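Shown next, in structure tokens, is the structure this report addresses.
The values are calculated or read from the model by the stated rules, or taken from the named source; none is laboratory data. Everything numeric in this text was worked out from a predicted model, so none of it was measured. Every residue, glycine as well, gets a Cβ built from its backbone with ideal geometry; the counts of neighbours run over all protein chains shown. Just so you know, the surface numbers come from the protein's heavy atoms only, side chains and all, with ligands and any DNA or RNA stripped out. Shrake-Rupley method; radii C 1.70, N 1.55, O 1.52, S 1.80 Å.
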Amino acid sequence: MTHPVIAEGRVAVVTGGASGIGLASAKRFAEAGMTVCLVDRAAERLAEAKEAVAALSPSGSVLTSNTDVGDRAAVEALAKNLFGRFGTVHLVFDNAGIQPGSDIFGPSANWDAVLRANLHGIIHVAQIFGERMVAEGEPGLIVVTGSKQGITTPPGDPAYNVAKAGVKAFAEALQHDLRNREGCRIEARLLIPGFVFTPLTQKGRTEKPEGAWTADQTADFMLEKLGTEDFYILCPDGE
């Protein structure tokens, strides 16, 4: 059992949907009969991801959008297009992120890129889609992907930690706002993965480390927990 908005005839938008946790989750949304829009800036992976998701969809209703979530105007255009086409969006998996690595006194370009995608991108998507979803008045769900690194902030990648700590604070504020809006039927959840072996974390490795989860394990755990009232979806792993 999972969240009631994950159902046939509903519309899901998945950012970072061409690989990793985004793609694994999009497959499950498609299997449930949802129309799925895969959003990713990696255009070369979108076609392959679309084919994989459509193969699991009863209707084959899968769209793609080569959109950079760090570009607020591009996210606005995407939302306008999807709401104009479908009337509303029922589920937003606000998941896009990058991890090029960073140091406290390292290149500012790395810091700028991480904060643009992992923090500002999350905020853009949640604000732009969320406001429209609230206005439409239908039940809906925004799932924001954080990270254990945003809580434990281990040494080694400070830009990523800062971004994910900000995402945690933003998601908490988002849910607080939504649940206190009179008549609001939208809610937010915070997905907190641990060590997940995806293209984001492989860093040249070809074999999954023993302690890591797969993207599929993470997506399955998330869907199960979305059937509860837990705001924090804290994934265990083998680390």
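Key figures for this structure:
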read-out: Selection within the range 6-31 - β-branched (Val, Ile, Thr) and either within 27 Å of residue 71 (Cβ to Cβ) or surrounded by fewer than 17 Cβ atoms within 10 Å (Cβ to Cβ) (or both); value: 11, 13, 14, 15, 21
read-out: Identity of the residue in the range 175-185, over 14 Å from residue 226 (Cβ atoms) and touching a residue at least 24 places away in the same chain (Cβ under 8 Å), that ends up most open to solvent (accessible area, probe 1.4 Å); value: 185
read-out: Residues of the range 32-64 satisfying the condition of being among the hydroxyl-bearing types (Ser, Thr, Tyr) and either open to solvent by less than 20 Å² (accessible area, probe 1.4 Å) or within 19 Å of residue 223 (Cα to Cα) (or both); value: 35, 57
read-out: Checking residue 90 against (1) closer than 30 Å to residue 161 by Cβ; (2) surrounded by 20 or more Cβ atoms within 10 Å (Cβ to Cβ), the condition it does not meet; value: (1)
read-out: Residues located in the range 154-167, provided they are free of Cβ contacts under 8 Å to residues at least 24 places away in the same chain and open to solvent by 50 Å² or more (accessible area, probe 1.4 Å); value: 155, 156
read-out: Residue match in the range 22-39 (condition: under 24 Å from residue 163 (Cβ atoms) and out of contact with any Leu (no Cβ under 8 Å at 6 or more places or on another chain)); value: yes
read-out: Lone qualifier among 102, 108 - being of a type in the set (S, T, N, Q), modelled with pLDDT of 95 or more, more than 24 Å from residue 186 (Cβ to Cβ) and surrounded by fewer than 19 Cβ atoms within 10 Å (Cβ to Cβ); value: 108
read-out: Single unsatisfied condition, residue 145 versus (1) of a type in the set (S, T, N, Q); (2) out of contact with any Gly (no Cβ under 8 Å at 6 or more places or on another chain); (3) within 25 Å of residue 23 (Cβ to Cβ); value: (2)
read-out: Qualifying residue in the range 140-153 (condition: without any contact (Cβ under 8 Å) to a residue 12 or more places away in the chain and not β-branched (Val, Ile, Thr)); value: no
